[in-house]
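Worksheet for the structure shown next.
Where a number appears in this text, it was derived from the coordinates with a stated rule and is not lab data. Every value quoted in this text rests on a predicted model; they were computed, and no experiment measured them. All Cβ positions, even for glycine, are placed from backbone atoms using ideal geometry, and neighbour counts span all protein chains on display.
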Amino acid sequence: MELSLSQRRELDEALRNAFTDFTLRRMLSNRLDKRLDQISVGRNLSEIVFEIIENAEREGWIEELIRGAYLANRDNPKLSRFASEMGLVPSQPDSDSLSRMLLNFALQTDLQDSSDNEIFDFLVGSFSEVLGLRPSKKVSYGDTLNPETNEHGFERLIERNESYLNIGPFIRKLTSIRKQVGRIEIDDQAIIGTGFLIGPSTIITPYHVVEDFIDGRRNWKRALIRFDFSVSDDNVYLNDGHRFLFASDWLVDFSPYSPTDLHPLPKKSEPTLEELDYAIIRLSEQPGNEVLEGELSMTRGWIPFPQTEPNLSIDSPMHIAHHPSGEPLKISLGQQSIIETNVNMSRVRYRTQAEPGSTGAPCFDQSWNLVAMHHAGDPGFGNRYSEGIPIWKIIELLRQRGFEDLITENMAIEDT
């Protein structure tokens, strides 16, 4: 492939727009198995990009460069447009095609002598390339398959007490969720928690994540949330994501944590229904209304509140979408996860694994409906449980405080 002068200029501009020195070095290494220091000794990004293009044209790997760059940052509009114009954008299967592909792959494997554990790991592994799934280390599994019920034994894929899922809607929901959960940071570097969109310009996270901003010990102008920070579909590169700053009138509402949250079980007292450890934050832009490039004109949207009080019964599933230890977005799956709720239903405890940085993550039931916000781990020794704030209690407190418009706006979104 040979580039015209205008194409060379357009590629130069697209690469400079899509990458930093570091991410360009990583893309060349991970995608093309090339070392930047063997290609360029440029002193700045402009010189580096110029020398990369010149080298790629001279040695005949310009097509691989364009394709690799696109796959490394397909959300960049300039790079995406250029790769598309050059005919180098790989076709992406829609969710239904993807579902059929994964199922056909599973059906080609002899599962009759496998355990539920093995099948679950196999399917989660298949989905992980698309959705970045990570199974919880504390997931428990049911009995072995019964080949007499079905030649592939799919009736008992998970536990007996779990409902069946249609894979198309399952994938579509996770595709939406991965765009609606973000990493809360200070100064683009210090990671302090997870948050998620509940409206066009509003996010929710625990009060203790932003307590220093509320109390004035830190300047709120240093805070931001980064969406789309995730591993690529083929698990090769990192998407650096998109940053959104807090608005000047950023604090919409909050409820502090309880002093009892700092003590291990058994608790000597219960949190009150005014101590739900949440903060609702207004952003300076409306990422929830943003039309995403490369997503078939998909709007980012936000996570809808439940219409009725969710089921938090013992041994129900609890799945978490989070940034554990500040890592790219992960999903922790917890089957038979819920351990208990406290007396006034202001806390729910579960086995699904979480880590520092997970605080503020949305928690979902088996059908990926929002049921809680993760806010803490076990404050005692042993890490025996994770703990969240039931979302229904937050909704009830918002109603008492007159935030009906916020709730109505949230529930107006179409739940995919």
Restricting region 285-361 to trypsin sites (Lys or Arg not before Pro) in coil, as DSSP defines it, with at most 16 other Cβ within 10 Å: none
Neighbourhood net charge (15 Å Cβ-Cβ; Lys/Arg +1, Asp/Glu -1) for Met86: -2
Proxy reagent accessibility, fewest Cβ within 10 Å first, across Ile303, Ile320: Ile303, Ile320
Fewest-first sequence of His323, His208 by Cβ atoms within 10 Å of each Cβ: His208, His323
Dipole of region 293-416 [Lys/Arg +1, Asp/Glu -1 at C-beta], most positive-end residue of Asn410, Ser337, Thr299: Ser337
Magnitude of the charge dipole, region 250-348, Cβ model with Lys/Arg +1 and Asp/Glu -1, debye to 20: 180 debye
25 Å Cα-Cα threshold exceeded, pairs from Lys34/Lys78; Lys78/Lys173; Lys267/Lys393: Lys78/Lys173
Likely footprinting exposure, Ser258, Ser386, fewest C-beta neighbours within 10 Å first: Ser258, Ser386
Per-residue ³J(HN,Hα) for region 52-64, Karplus 6.51 cos²θ - 1.76 cosθ + 1.60, θ = phi - 60°, Hz, x for Gly and Pro: 5, 4, 4, 5, 5, 5, 5, 9, x, 10, 5, 5, 5
